[in-house]
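Below is one structure. I have some questions about it.
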């Protein structure tokens, strides 16, 4: 981690604490896209965290990303997911390259273009890496027509990476598509948690030229597993560590401040002390697993893929465990909106079912450990 990226991560922590966290309740209650949070991150250059220095970014790696995602995710899970998907987009464009890649990267680093992925389809479910949508050759470029689901920042981003079957008939292609190319968005996000991430359906009737392709023709599959998956798995795991840490802190503060008529605090009860200890140990263990996986990936270690998959499973399940434990510490008040615990609990339910789901990842981990092909 360079001094530049270290200072950027510190700035992200400051922004998360001072500017993002105060608006989290409203984002959740109003199901509002966290525009102020993203603007605050952009002002500090954080949207360039995963953009190479040559394109105006800070050239960060996964170790920096997980610390930033933990901070933003703990302050506001919706903001954490929007920031993560932008970072995945930037890392994918940087890894794949293309005729317009540098222009896209410069705009993302400058905060002029928020990025996101349009990979998921209703028919393929968790197997987002096997799209049914195909690109068709037309007028010297390609026509992309069809529907993508669960598009984070849908209607708010300026750049969407779209995964399609190659127009050449073999492999997959990834294209950078802008709203003006022909995208409409359908419905509103009505999920249990992460209420402000605008994860909606996107309808494409877009014509783009070959210069908009990211990566080599037919090389989209390699891009998915070589760039998208590692960054997404690490960042999502970190967002969930942030959720767990925020719930733990809320439980500690409630237990220390809640007093009985005799003056005794909730925190002086031994069973509550044991519960708080369990929350801390679970959160700390998940954080260490995530940071270890990120460090392995940054070092190019062959064990990184398994570690990253395990990190996603460990962190998302830890978030569920910790938020449930925090609810039990806080009791009835934790079940109401008077404390942030119920919001954290709802936000923590998303990670396990985000593709690749934890069930799919367990299969892949087992295959990898046994020397079998993944996926």
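Take residues that are under 22 Å from residue 277 (Cα atoms) and over 21 Å from the mean Cα position of the chain (by Cα) and tell me which of the helices (runs of 4 or more DSSP H) falling wholly in segment 303-375 contain 1 or more.
The helices (runs of 4 or more DSSP H) meeting that bar are 304-334.
Right, next: Part of a helix (DSSP H, G or I), at negative phi, more than 18 Å from the chain's Cα centre (by Cα) and assigned by TED's automatic domain parsing to the domain that holds residue 231: is that true of residue 290 in this structure?
Taking the combined requirement at face value, the residue does not satisfy it.
For every residue, the table says whether it meets (1) more than 29 Å from residue 346 (Cβ to Cβ); (2) in contact with a helix residue (DSSP H, G or I) (Cβ under 9 Å, 6 or more places away or on another chain); (3) modelled with pLDDT of 95 or more.
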{"residue": "23", "(1), (2), (3)": "no, yes, yes"}
{"residue": "33", "(1), (2), (3)": "no, yes, yes"}
{"residue": "48", "(1), (2), (3)": "yes, yes, yes"}
{"residue": "67", "(1), (2), (3)": "no, yes, yes"}
{"residue": "70", "(1), (2), (3)": "no, yes, yes"}
{"residue": "88", "(1), (2), (3)": "no, yes, yes"}
{"residue": "91", "(1), (2), (3)": "no, yes, yes"}
{"residue": "97", "(1), (2), (3)": "yes, no, yes"}
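Now, a different point. Hey, does segment 160-181 have a residue that's outside the structural domain of residue 304 (by TED's automatic domain parsing), crowded, with 24+ Cβ neighbours inside 10 Å and either without any contact (Cβ under 8 Å) to a residue 24 or more places away in the chain or under 30 Å from residue 23 (Cα atoms) (or both)?
yes
Here's the yes/no breakdown for (1) assigned to a helix (DSSP H, G or I); (2) free of Cβ contacts under 8 Å to residues at least 60 places away in the same chain; (3) assigned by TED's automatic domain parsing to the domain that holds residue 95; (4) over 18 Å from the mean Cα position of the chain (by Cα):
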residue: 25; (1), (2), (3), (4): yes, no, yes, yes
residue: 28; (1), (2), (3), (4): yes, no, yes, no
residue: 33; (1), (2), (3), (4): no, no, yes, no
residue: 38; (1), (2), (3), (4): yes, no, yes, no
residue: 47; (1), (2), (3), (4): yes, no, yes, no
residue: 50; (1), (2), (3), (4): no, no, yes, no
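Could you please tell me which pairs satisfy a Cβ distance under 8 Å, a separation of 6+ or placement on different chains, a first residue in segment 77-104 that is assigned by TED's automatic domain parsing to the domain that holds residue 160, and a second residue that is outside any helix (DSSP H, G or I) and modelled with pLDDT under 95?
Partner pairs satisfying both residue conditions: none exist.
What is the residue count in segment 196-213 for residues that are surrounded by fewer than 22 Cβ atoms within 10 Å (Cβ to Cβ) and more than 23 Å from residue 173 (Cβ to Cβ)?
1
Okay, next question. Please determine whether any residue of segment 55-62 is outside the structural domain of residue 345 (by TED's automatic domain parsing), over 23 Å from residue 291 (Cβ atoms) and in contact with a helix residue (DSSP H, G or I) (Cβ under 9 Å, 6 or more places away or on another chain).
The answer is yes; a qualifying residue exists.
Shifting gears a bit: Among the listed residues 205, 280, 262, identify the single one that is part of a strand (DSSP E or B) and more than 22 Å from the chain's Cα centre (by Cα).
205
The values are calculated or read from the model by the stated rules, or taken from the named source; none is laboratory data. Because the structure is a prediction, the values reported are computed rather than measured. Every residue, glycine as well, gets a Cβ built from its backbone with ideal geometry; the counts of neighbours run over all protein chains shown.
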